[in-house]
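S.K.: Here it is, the structure in full.
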There are 2 protein chains.
Amino acid sequence: MSQNINRYKVDLREIEFVLFEQFKAEEVLGKGPYEAWDKEVVQTSLSECAKFSQAVLGPLCASGDREGCKLVDGKVITPTGFGDAWKKSYEAGWRTIGLPVEHGGQGSPKVVQALCEEFMCGANAAFAMYPGLTIGAADVILAFGTDEEKHLWAPRMLDGRWGGTMCLTESHAGSDVGSAKTMAYRRPDGKYNIKGAKVYISGGDSDFVDNVIHLVLARVEGAPPGTKGLSLFIVPKNKIDADGNVTGPNDVIVAGIEHKMGINGSATCQLNFGENDDCVGELIGTVENQGISQMFRLMNSARIAVGIQSVALASSAYLNALEYARDRKQGSHITSWKDPTAPRVSIIEHPDVRRMLLDMKSRVEGIRALIIKLAMHQDRAQVLGETDEDKRAYHLGQIDLLVPLVKAFGSDQAFRISETAIQTFGGAGFLKDWPVEQYARDSKIFSIYEGTNHIQAMDLVGRKLGQNGGANTQAFLGDVQSFIAAHKDHPVLGSSVALLDKAQESVGATVMRLLGWFQSGQVPMVPLSANRFLEMMSETAVGWLLLEAASIALKKLETLPADHHERPFYEGKRAAAVFFAHSTLALVPGKAEAIALGDDSPLSIPDGGFATI
Amino acid sequence: MSQNINRYKVDLREIEFVLFEQFKAEEVLGKGPYEAWDKEVVQTSLSECAKFSQAVLGPLCASGDREGCKLVDGKVITPTGFGDAWKKSYEAGWRTIGLPVEHGGQGSPKVVQALCEEFMCGANAAFAMYPGLTIGAADVILAFGTDEEKHLWAPRMLDGRWGGTMCLTESHAGSDVGSAKTMAYRRPDGKYNIKGAKVYISGGDSDFVDNVIHLVLARVEGAPPGTKGLSLFIVPKNKIDADGNVTGPNDVIVAGIEHKMGINGSATCQLNFGENDDCVGELIGTVENQGISQMFRLMNSARIAVGIQSVALASSAYLNALEYARDRKQGSHITSWKDPTAPRVSIIEHPDVRRMLLDMKSRVEGIRALIIKLAMHQDRAQVLGETDEDKRAYHLGQIDLLVPLVKAFGSDQAFRISETAIQTFGGAGFLKDWPVEQYARDSKIFSIYEGTNHIQAMDLVGRKLGQNGGANTQAFLGDVQSFIAAHKDHPVLGSSVALLDKAQESVGATVMRLLGWFQSGQVPMVPLSANRFLEMMSETAVGWLLLEAASIALKKLETLPADHHERPFYEGKRAAAVFFAHSTLALVPGKAEAIALGDDSPLSIPDGGFATI
């Protein structure tokens, strides 16, 4: 088991390339809210946060998985060391780096916050969920709460004294949030009595904070059915007085914790509110029935956070497989495979191992580029402020469009990349001695929570594609087409750019086809193809960004002497882009053609046709 | 956890369709060695074995996973109940159903043995490995041992008194079996002193047998290097006298057991032979250096067995997801999704859930058909005996060709189907309360052991495609083409058959391309495309067999009255085939085109280009 300690790996050179060389983060540094941030501060922050994650969070990743959480006498016991790690995370400031200075943060650009989050998730995905959700919950209170609420609840959630959760899911409802049965009854004092049960509450309790502040979706008596009748309430585990001192318990009971495939260090709780009719909550803000739109602020950042979790684990899975492939000697070189006396070589010399490594590298780096692109849109919109409404609208539109791609494609690929990492290790990958099997187990939930990947796909095709009259989609495809126009005759990348061109044409054509189904009343055909469309569009986006990176790298190579130590790094960028284009972009047109066939067999099969039992 | 008890599911109607309606098993029943087997005996055997698996093995599946194996004072402790299940499996006769009567078996057709194995693996994959490997090891002794060896060792391995293993892997060597360092030193008594260490030995020890008979690959002093210098030895855990009575330990030490992602009920052992220079083994047969070809008999059936394990878990994963989808009410029907007061429906009514179910159904049934096809080739060859050499050669050739497809495609898909089953359950799929997360964990090893899936792909392209001057491949493609010719104008299946036609053309063209690379000295290009080629060829085979099943089902439908209770079953066959053709066969030509692009970036990337750490 000792081999499993502190296995988190990150390549900071790659991070800096994406940040500064590809997405030109310097254009937002020193500007607007980021006045205090220059390149050096960013570099130091990232390098220090990576070190912290490896030193403090990494060693608890495997032990937290093995130990898991326990429920003892109604209280959650987290794995050994989690309380200490929580404290250190807040002391070091990494948890709050992206928060405004007035709330105790450091006001970093979103892109820096996203990368710090990647390091902390990569080192320990289960642990990182406790502070991640806490800060997300505090952010909702700051955005929608009354002044009193902002001052009473948020500060203690942001300095690490209190935890926070989001309580949406109910056991009968699942993804169908609108059918929530949890009720809120008005009290004479303006507060509400809360009654109901929620499940799958991450960080629903822990043993390292004085209080846990639950944001609970509930229906005020008499409110309309469905999502429109839901309100969002602040429901603390412990009641507090006007100074924020804990006065006693608030009838929030941890009814159970789940036993899961992965993220075992994260306490996934079943919470009962008001079992003894003594659970008091307060409305966020002053207007009822705003719960869903308020929750969506948190949900949107949570979906981006799932993309970040995904690339975090996938990246470390890849880098661990790479290290193993360099170290592990087995078999002879393919050119002398018939000679049993030939020297044994590192498995990185075997073509199929190189293929698996390059496959993982291209996906990891492409998905990270997509996330950094999204965060840079956030930062550029922030820096623009109200100086240029059109540009700002462009950036905000791209964020909306990219969220489902980042969440769903990122999470599907995290599991697949972990699978490939296991395969690269061979038998060792199946053992708990190495971290990759845990990455597979931990990452499996990413495709399910914060809206299943099908919900993401329906958000994309049913809502995002047509948002702003389709302007966001057109702007996205326009950006891809501009790159193609500028690089179609590129001496090295030309044939890959041609594959990108066909892929984006296929995406455009499929958008029209989906629209046609909507318009001709064949709505049930849309969900049958939505997941595949999201995949096609994500692959096109990733292929584009990899080729953009490669074009930058190839330009840089022209300036480097033949023996420069960074030549291999930049050549790796070329290889990743060309490989992805030829292995993945090349298949996108076929997927569009398959969608175009319009098969409806999943709809036409009789229910009894699935099986006779 | 109680929900997890006895969750193994099997649809016997589907099994009977494949066996009797599609592969016409009655043509071999009552003939040659299967004289005692008629349809009713087969049906009763299958139904009873399925019941036994569900009643006796199923309840130990989750508990065996949670409890795992322990090594206490050098002895392996298996999970509670495994010893009892072992005993009952032999008493009931299910383990030995396919063995010749003279060895205590029931001489069943291979296809019946394969299906019984599916039920036992599906109910408890970890448990089924102990008897599975034992019988495989006994079979090698019966095939290659001296008469004395056959009588001394095999009977006790076949009646459940002793266990057996195959010991190939060494920790430094992995897939590179030829570099094994375990040595055998000749003794004056004709036996050998064995010295060395083996790893990943499934069932390397257990607490429910008196002895474990290890088949150990070792190199006799002075033998040539590589696989050609390996011999196979019978090395018992305990020494025995001439009557087979245990006389004392044989210096075989369990140095450790592995902690794994899955199949935790199976003890995966590190074994040290001759640490105290007192480990005695005997050569199988009388000629040294035959170890690899002897081991390959076991390896070949083990690879088929991995395909069976794969479909076993995948099938139960699908059927569990199906049951959940029928039971679980959530959300409203897509036609009234905007109405929050619309009735909640079972999730099987949601198009994307139907898509996932049909996707799983088609893969499961297609892979099972491929396995049954292989087993029927075995049975037909058996029944032919020496009456028709050409026909027999055809059947034997198809077996050789199909083994890598069954092993590699089956195992890759088992993991993917488990993934889809988890997604169908949503959050519940990630919980240990339901069996699907365990299917994913258990099945992950299938792509690695008994020769990694890349080894299967290289076996296919480097050896099997060209075997018998390419005759096996031509016969396979010829069979597909005959089906296409007969069904291309089929009123219901015509468009799907057209997709099959394009897919098989792509397979044929890719065979030529791979051959071209071999012949033009571009050998390293072959492994880069081998896995994808195996996938294409497997998908084509599966698509063909599904369409064949559909054509049979549609003929049957013509004879059934409109209200016949089996109409939905047969319509399900049509839906599975059409769906697979439109979603998967449709992508095969694109894969061939991608291979044809001939990208060599995994070879050209400098080692330093993968990452800077």
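S.K.: Condition first: more than 7 Å from every other protein chain (Cβ to nearest Cβ) and either surrounded by fewer than 21 Cβ atoms within 10 Å (Cβ to Cβ) or over 13 Å from B:Val507 (Cβ atoms) (or both). Now tell me which residues in segment B:590-602 satisfy that.
M.R.: Within segment B:590-602, B:Ala596, B:Gly598, B:Asp600 meet the criteria.
S.K.: Scan A:Val364, A:Val353 and give me the residue that is more than 26 Å from the chain's Cα centre (by Cα), within 14 Å of chain B (Cβ to nearest Cβ) and among the β-branched types (Val, Ile, Thr).
M.R.: Within the list A:Val364, A:Val353, the selection yields A:Val353.
S.K.: Okay, next question. Anything in segment B:386-428 that is closer than 15 Å to B:Leu319 by Cα and of a type in the set (Asp, Glu)? List them, or say none.
M.R.: B:Glu419
S.K.: Scan segment B:326-349 residue by residue and report those that are surrounded by fewer than 23 Cβ atoms within 10 Å (Cβ to Cβ), more than 7 Å from chain A (Cβ to nearest Cβ) and not basic (Lys, Arg).
M.R.: Residues satisfying the conditions are B:Asp327, B:Ser332, B:His333, B:Thr335, B:Ser336, B:Trp337, B:Asp339, B:Ala342, B:Pro343, B:Val345, B:Ser346, B:Glu349.
S.K.: Being surrounded by 20 or more Cβ atoms within 10 Å (Cβ to Cβ), touching a strand residue (DSSP E or B) at 6+ places or on another chain (Cβ under 6 Å) and within 14 Å of another protein chain (Cβ to nearest Cβ) is the filter here; which residues of segment A:226-252 pass it?
M.R.: Hit for segment A:226-252 is A:Leu230, nothing else.
S.K.: Provide a single number: the residues in segment A:133-169 that are more than 14 Å from A:Gly291 (Cα to Cα) and part of a strand (DSSP E or B).
M.R.: The qualifying residues number 4.
S.K.: Okay, moving on. So which of B:Leu534, B:Leu585, B:Leu547 is within 11 Å of chain A (Cβ to nearest Cβ), buried (at least 24 other Cβ atoms within 10 Å of the Cβ) and farther than 30 Å from A:Glu14 by Cβ?
M.R.: Within the list B:Leu534, B:Leu585, B:Leu547, the selection yields B:Leu585.
S.K.: While we're here: May I ask you to list the residues in segment A:550-570 that are in a helix (DSSP H, G or I) and either within 11 Å of chain B (Cβ to nearest Cβ) or closer than 17 Å to A:Glu365 by Cα (or both)?
M.R.: Across segment A:550-570, the qualifying residues are A:Ala550, A:Ser551, A:Ile552, A:Ala553, A:Leu554, A:Arg567, A:Pro568, A:Phe569, A:Tyr570.
S.K.: Conditions: (1) more than 23 Å from the chain's Cα centre (by Cα); (2) more than 14 Å from B:Leu500 (Cβ to Cβ); (3) not β-branched (Val, Ile, Thr). B:Pro589 meets all but one. Number of the miss?
M.R.: Just one mismatch for B:Pro589, condition (2).
S.K.: If you take the residues of segment B:320-350 that are of a type in the set (D, E, K, R), assigned to a loop (DSSP other than H, G, I, E, B) and more than 14 Å from B:Gly426 (Cα to Cα), which of them is modelled with the lowest pLDDT?
M.R.: My answer is B:Lys338.
S.K.: Follow-up. Which numbered condition in (1) on the phi > 0 side of the Ramachandran plot; (2) in contact with a Cys (Cβ under 7 Å, 6 or more places away or on another chain) is the only one that A:Gly331 fails?
M.R.: (2)
S.K.: Please specify each residue of segment A:170-205 satisfying the condition of being closer than 30 Å to A:Gly83 by Cα and assigned to a loop (DSSP other than H, G, I, E, B).
M.R.: Of everything in segment A:170-205, those that are closer than 30 Å to A:Gly83 by Cα and assigned to a loop (DSSP other than H, G, I, E, B) turn out to be A:Glu170, A:Ser171, A:Gly203, A:Gly204, A:Asp205.
S.K.: Could you list all residues from segment B:555-571 that are surrounded by 10 or more Cβ atoms within 10 Å (Cβ to Cβ) and among the hydrophobic types (A, V, I, L, M, F, W, C)?
M.R.: Passing the criteria: B:Leu557, B:Leu560, B:Phe569.
S.K.: Among the residues that make up segment A:103-123, is at least one of them closer than 30 Å to A:Asp479 by Cα, acidic (Asp, Glu) and either touching a residue at least 12 places away in the same chain (Cβ under 8 Å) or buried (at least 18 other Cβ atoms within 10 Å of the Cβ) (or both)?
M.R.: Yes; the residues of segment A:103-123 include at least one that is closer than 30 Å to A:Asp479 by Cα, acidic (Asp, Glu) and either touching a residue at least 12 places away in the same chain (Cβ under 8 Å) or buried (at least 18 other Cβ atoms within 10 Å of the Cβ) (or both).
S.K.: Okay, moving on. Condition check: under 23 Å from A:Ala223 (Cα atoms), within 14 Å of chain B (Cβ to nearest Cβ) and not hydrophobic (A, V, I, L, M, F, W, C). Does A:Asn320 satisfy that?
M.R.: When the stated conditions are applied, A:Asn320 does not pass them.
S.K.: Quick one: is A:Gly256 more than 24 Å from A:Leu405 (Cβ to Cβ), modelled with pLDDT of 95 or more and assigned by TED's automatic domain parsing to the domain that holds A:Asp205?
M.R.: yes
S.K.: Right, something else. Determine the pairs where a residue that is in the same structural domain as A:Ile234 (by TED's automatic domain parsing) and more than 11 Å from A:Asn250 (Cβ to Cβ), located within segment A:264-275, has a partner that is outside any loop (DSSP other than H, G, I, E, B) and of a type in the set (Asp, Glu) with Cβ atoms under 6 Å apart, the partner being 6 or more residues away or on another chain.
M.R.: Matching pairs, first to second residue: A:Asn264/A:Asp65.
S.K.: Which residue is nearest to the other protein chains (Cβ to nearest Cβ), if the candidates are limited to segment A:169-190 and must be of a type in the set (Asp, Glu) and within 26 Å of the chain's Cα centre (by Cα)?
M.R.: A:Asp176
S.K.: Looking at the structure I just gave you, is B:Phe127 within 30 Å of B:Val383 (Cβ to Cβ), out of contact with any Asp or Glu (no Cβ under 8 Å at 6 or more places or on another chain), aromatic (Phe, Trp, Tyr) and crowded, with 23+ Cβ neighbours inside 10 Å?
M.R.: no
S.K.: Does B:Gly104 satisfy the condition of being in contact with a helix residue (DSSP H, G or I) (Cβ under 7 Å, 6 or more places away or on another chain) and modelled with pLDDT under 95?
M.R.: yes
S.K.: Let me spell it out: the conditions are (1) surrounded by fewer than 24 Cβ atoms within 10 Å (Cβ to Cβ); (2) over 23 Å from the mean Cα position of the chain (by Cα), and A:Ile194 meets all of them except one. Which number is the exception?
M.R.: Failed condition: (1).
S.K.: Condition first: assigned to a helix (DSSP H, G or I), farther than 16 Å from A:Asn193 by Cβ and modelled with pLDDT of 95 or more. Can you find one or more residues in segment A:266-288 that meet it?
M.R.: no
S.K.: For segment A:206-232, enumerate the residues that are touching a residue at least 60 places away in the same chain (Cβ under 8 Å) and not in a strand (DSSP E or B).
M.R.: Scanning segment A:206-232 gives A:Ser206, A:Asp207, A:Phe208, A:Val209, A:Ala223, A:Pro224, A:Thr227, A:Lys228, A:Gly229.
S.K.: For segment B:434-478, what are the residues that are more than 8 Å from chain A (Cβ to nearest Cβ), free of Cβ contacts under 8 Å to residues at least 60 places away in the same chain and not in a loop (DSSP other than H, G, I, E, B)?
M.R.: Passing the criteria: B:Asp459, B:Arg463, B:Gly469, B:Gly470, B:Gln474, B:Leu477, B:Gly478.
The values are calculated or read from the model by the stated rules, or taken from the named source; none is laboratory data. Just so it is clear, the structure is predicted and the values come from calculations on it, not from any experiment. In this analysis, Cβ positions are derived from the backbone assuming ideal geometry, glycine residues included, and neighbour counts consider all displayed protein chains.
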